[in-house]
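This report refers to the structure that appears directly beneath it.
Derivation of every value follows stated rules applied to the coordinates shown; laboratory data play no part. Nothing here was measured: the structure is a model prediction, and the numbers come from that model. Using ideal geometry, Cβ is built from the backbone for each residue, glycine included, and neighbour counts are taken over all protein chains shown.
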Amino acid sequence: MKKVLVISYYWPPAGGITVLRTLKIVKYLREFGWEPIVYVPSNAHYPYLDRENEKDIPQGITILRRPIIEPFKMFKFLTGRGKDQPLNSIVQVREKKSSFLDKIGIWIRGNFFIPDARALWIKPSVKFLLSYLKENPVDAIFTDGPPHTNTYIANKLKQKTDIPWLSDYQDPWTQVDYYSMLLIGKRADRIHKSMEQECFKNADRITIASPSWKRDLEDVGARNVEVIYYGYDESDFQGLKKEPSEYFDIVHIGLLGIDRYPEDFFQVLESLNDPKIRLVIAGQVDVEVQKGLENLKNVTVDFRGTIPRKEALQLAMNADLLLLPINKAENAEGRLPGKLYEYLRTYNPILGLGSISGDSAQIIEQTSTGSTVAYDDKKSQEEFLAKLMSGTLSHSPDRQQIGSFSNKNQTKKIAQHLDGIVASEKSDKD
């Protein structure tokens, strides 16, 4: 069996959606002829934990752990946050109105911690892994970013060892929607873009989470780019069944940031004044979004906060309607939230809010799982709700199409890409 070194910052016991891309790929790689050796930090500062994810770690795999130095404790101290307070996506999901100290912290992160807040892990990781690889050779390297510290570690290893490297992107680097929110100056911007181009040049193949972002990467110089969707894991849905409710439950799970505030949709719900409607929100919510929810008088709102993923999936299974607001950003066409695929697998109706031509809208249409309307299109939102609640909306999910997005099927594609870059490297040597 061929061996692949997997470099990742996120790993169990990390909670949230970000950890799942690498974890689920590692879970299924053996089925396609690849033995993963996983390199992760031993003391990472994860926003929140979920021990349930540990069940997906394959038995007997090698996991290499090394310490990491992160600036988050200092940032929390400077901004008056508690040591146990989550610090996730602060530029998108705020616990309070941004203060001057928040802006200073964001500016320091964007201009001095390059490519990201885990940058101090690069040099010690490269040193450790070069020593490890001398005694324990592998056939390929796989990284998942962000954080693009992972990407840059592999870039340095590639330069020194010439081991074939598959560089995976959940989100783009300098094109990511929150890049402009990091208050990055001209000098830091040049460094970010120089490092990004270096990684494009040295990666043997690049995979990214959406078709639009594939084209965006190619527009700025990336080559050999393919799409790997985030996907869902069929095993996560074992034992989950829809539970009856007296309400018509509209459910949103995951981050609900200021960049995806569905204010007009909330107004539509308010105007319906229907006591059957309940809005169920699980995950972190921006302070302004929460204020908007609290101001609703005619809608029952159920805040669940940050809950274990199994509970979140059960909420999604119970939903009469799943709400999918897409980030309001320049590159929103390519935004495919990880929860989209889990929404698909529930087979429940989905209402997307955002671009009607974006990648998420196309997937919702292809799978016959719902509809996507513009944020400010109240008429279409009202019509969709009216048809759904009256039972006149045709809803026949294409289960075969949905199945193509399973983590197992996406991992098969990763294994094929790894096979391809190894074969290409051997061919070049011959």
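Summary table
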{"quantity": "Amide proton proximity set for TYR232, modelled H, under 5 Å, gap of 5+", "calculated": "SER406, ASN407"}
{"quantity": "Net charge dipole size for segment 347-430 [Lys, Arg +1 and Asp, Glu -1 on Cβ; Debye, nearest 20]", "calculated": "300 debye"}
{"quantity": "Kirkwood hydrodynamic radius over Cα pairs of the chain, then Stokes diffusion coefficient at 20 °C and 1.002 mPa s, in µm²/s", "calculated": "95 µm²/s"}
{"quantity": "Given 16 as the ceiling on other Cβ atoms within 10 Å, longest exposed-site-free region of the chain for trypsin sites (Lys or Arg not before Pro) in DSSP loops", "calculated": "298-430"}
{"quantity": "Gain upon complete extension [LEU120, LYS2; 0.36 nm per residue less C-alpha separation]", "calculated": "39.4 nm"}
{"quantity": "Spacing of the two label points (7 Å from each Cα toward its C-beta) at GLU218 and TRP107, in nm", "calculated": "4.0 nm"}
{"quantity": "Dipole-positive endmost among ILE17, TYR247, GLN381 within the chain (Cβ charges, Cα centre)", "calculated": "ILE17"}
{"quantity": "Label point distance in nm, GLU35-ASN295, each placed 7 Å from Cα along Cα→Cβ", "calculated": "6.0 nm"}
{"quantity": "10 Å Cβ shell holding at most 12 others, DSSP loop, GluC sites (Glu not before Pro): longest site-free stretch of the chain", "calculated": "1-245"}
{"quantity": "At R0 = 60 Å, FRET efficiency that the Cβ-Cβ distance of ASN43 and SER424 yields, to 0.05", "calculated": "0.95"}
{"quantity": "Long pairs among LYS123/LYS193; LYS242/LYS297; LYS3/LYS214; LYS55/LYS328; LYS134/LYS412; LYS158/LYS408, criterion Cα-Cα beyond 25 Å", "calculated": "LYS242/LYS297; LYS3/LYS214; LYS55/LYS328; LYS134/LYS412; LYS158/LYS408"}
{"quantity": "Relative contact order (percent, whole number), segment 357-428, Cα cutoff 8 Å, 6+ residue spacing", "calculated": "29 percent"}
{"quantity": "Counted charge near ASN224, where neighbours are those whose Cβ lies closer than 10 Å (Asp, Glu -1; Lys, Arg +1)", "calculated": "-1"}
{"quantity": "Using distinct alpha-carbon pairs, which all enter the 1/r mean, Kirkwood radius of segment 123-264 in Å", "calculated": "18.0 Å"}
{"quantity": "Counting all C-alpha pairs of segment 211-292, share separated by more than 18 Å (%)", "calculated": "65 percent"}
{"quantity": "Sites LYS193 and HIS395, calculated FRET efficiency, Cβ-Cβ separation with R0 35 Å, nearest 0.05", "calculated": "0.20"}
